[in-house]
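**Student:** The structure's right below; bear with me while I get my questions together.
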Amino acid sequence: MEFKNIKKTKPISVLLFLVGLIGIIAVLGIQINHLVRSFIIFISILMMIYSLVIGKTIDLILFDADKNIVNKWLLYTALFLSCIFVLLLIFDPGTFNELSNEDSIVEWSSALFLFGASITFLVIWKKSNAYFSNITYYRWLLLLFSMAFFVLGMEEVSWFQREIGFDTPKAFEGNLQNEFNLHNFATHYSEIIYYNGSFVFLVLLPFIELIFPTFIKNRYLKYLIPRPFIMVIGALFCSYNFVRWESIITQITFFSSILILISLALFCTKKTEKNLVIFTVFLLIIQQIVFLNNGANYEDPYVLKEFKEFFIPLGYLVFSLDVYSRLNNIYSSYDET
């Protein structure tokens, strides 16, 4: 990835960003027609993102031909599964709804992806003790990632309560599903934090790092920022909206993911990669239209959240595997010297 003609911030960029920010703030405080509000949100985000990319020329290669075969196929798999889910909703809504049920393959896959990410970071942490023994904060950060993914995975399966068969402790009987987990005490807010936090980490943060490569100067911390190809996987869940579509935050994440991927496509130097990102943009738009116009096919209006919670862990799993691969290259270079 090469950067050319990166100039100082121009006044027009600052102006566009501020006007876009004012537009977002304005829709938070006024009551207007939903379509008009969506249009203002889209235009505001467009101005903000354009203000960041204007004047930037980045030669971006998503996949190295020899080293990223696994990453490429993981991305293809994610796109394929998303296409399948959309087709099921249209042509076989019964199966689509069945996949969203408790203890379905979708829910268990979500948990397994998180456990996989946790184990991967645990392995990275263990190996880091030999190579980064003098960088204590970094090893703690790797362990924190592992612990966070483990807790998220356990929360997904209610700490194996249904499999083990233990009763819900009295302290947990007040949550939404009367199960042994924490997130159902405040399901709405925990989901907002999880969904939007995942958008920030999987899509927005790597975009900022791409546009401002000196945003984080620490070499090792850069390895913990998802690379651009993970943004494509991370953006998929942003279009799985129905009940919460009218939420301003939901629309901000959706429109942002679309416009960020368009920027990514413009930076791609390989035609096949550019076409892949453009395909993802169209897929996101088509998915959102399908999900909003097939409400009659949902047995439960919240059915899409299970699929949203499928792609988020998948993004984290791919991220963890990529970090493992990149740090392994560092370890190998240390061994050679």
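The values are calculated or read from the model by the stated rules, or taken from the named source; none is laboratory data. The shown structure was predicted, so the numbers you read here are calculated from the model rather than taken from an experiment. Cβ: placed from backbone, ideal geometry, glycine included. Neighbour counts: every protein chain shown. Accessible surface is based on the protein model in full, side chains and every heavy atom, while ligands, DNA and RNA are left aside. Shrake-Rupley method; radii C 1.70, N 1.55, O 1.52, S 1.80 Å.
**Student:** Let me check something: with ligands and nucleic acids excluded, how do 244, 219 order by accessible area (1.4 Å probe), largest to smallest? Numbers along the way, then the final one.
**Tutor:** Values: 244 60, 219 120 Å².
Per-residue accessible area, sorted high to low, gives 219, 244.
**Student:** When the Cα centres of region 280-325 and region 104-145 are compared, how far apart do they sit, in Å?
**Tutor:** 24 Å
**Student:** If you plug each phi of region 239-252 into the Karplus form 6.51 cos²θ - 1.76 cosθ + 1.60 with θ = phi - 60°, what whole-Hz ³J(HN,Hα) values come out, in order, with x for Gly and Pro?
**Tutor:** After applying 6.51 cos²θ - 1.76 cosθ + 1.60, I find 9, 8, 10, 9, 4, 9, 4, 6, 5, 4, 5, 4, 5, 5 Hz.
**Student:** While we're on this one: Hey, can you find the accessible area per residue of region 208-272 for me, probe 1.4 Å, expressed in square angstrom? Before the final figure, lay out the partial values.
**Tutor:** Numbers: 2370 Å² over 65 residues.
Here the residues of region 208-272 average 36 Å² of exposed surface.
**Student:** I'd like the carbon and sulfur percentage of the solvent accessible area for region 40-119, probe radius 1.4 Å, heavy atoms only, ligands and nucleic acids excluded. Kindly include the intermediate steps, with their values, before the conclusion.
**Tutor:** Numbers: 2620 of 3740 Å².
Heavy-atom surface of region 40-119 belonging to carbon and sulfur, 1.4 Å probe: 70 percent.
**Student:** Applying a 10 Å radius around every beta-carbon, put 26-34, 121-129 in order of their mean neighbour count, most first. Walk me through the numbers on the way to the answer.
**Tutor:** Details: 26-34: 10.3, 121-129: 18.0.
Per-residue mean Cβ counts within 10 Å order the peptides as 121-129, 26-34.
**Student:** Moving on to the next point. If I compute solvent accessible area with a 1.4 Å probe over the protein chains, what percent of it on region 178-328 is carbon and sulfur?
**Tutor:** Details: 3950 of 5790 Å².
Accessible surface attributable to carbon and sulfur in region 178-328 totals 68 percent.
**Student:** So, one more: Could you work out the relative contact order of region 6-152? I mean the mean sequence separation of Cα pairs under 8 Å and 6+ apart, divided by the number of residues, in percent. Walk me through the numbers on the way to the answer.
**Tutor:** Details: 91 pairs, mean separation 24.0, N = 147.
RCO, region 6-152: 16 percent.
**Student:** Order 77, 250, most accessible first, counting only protein heavy atoms with a 1.4 angstrom probe. Don't jump to the answer; show the numbers that get you there.
**Tutor:** On the way: 77 65, 250 20 Å².
Ranking 77, 250 by accessible area, largest first, yields 77, 250.
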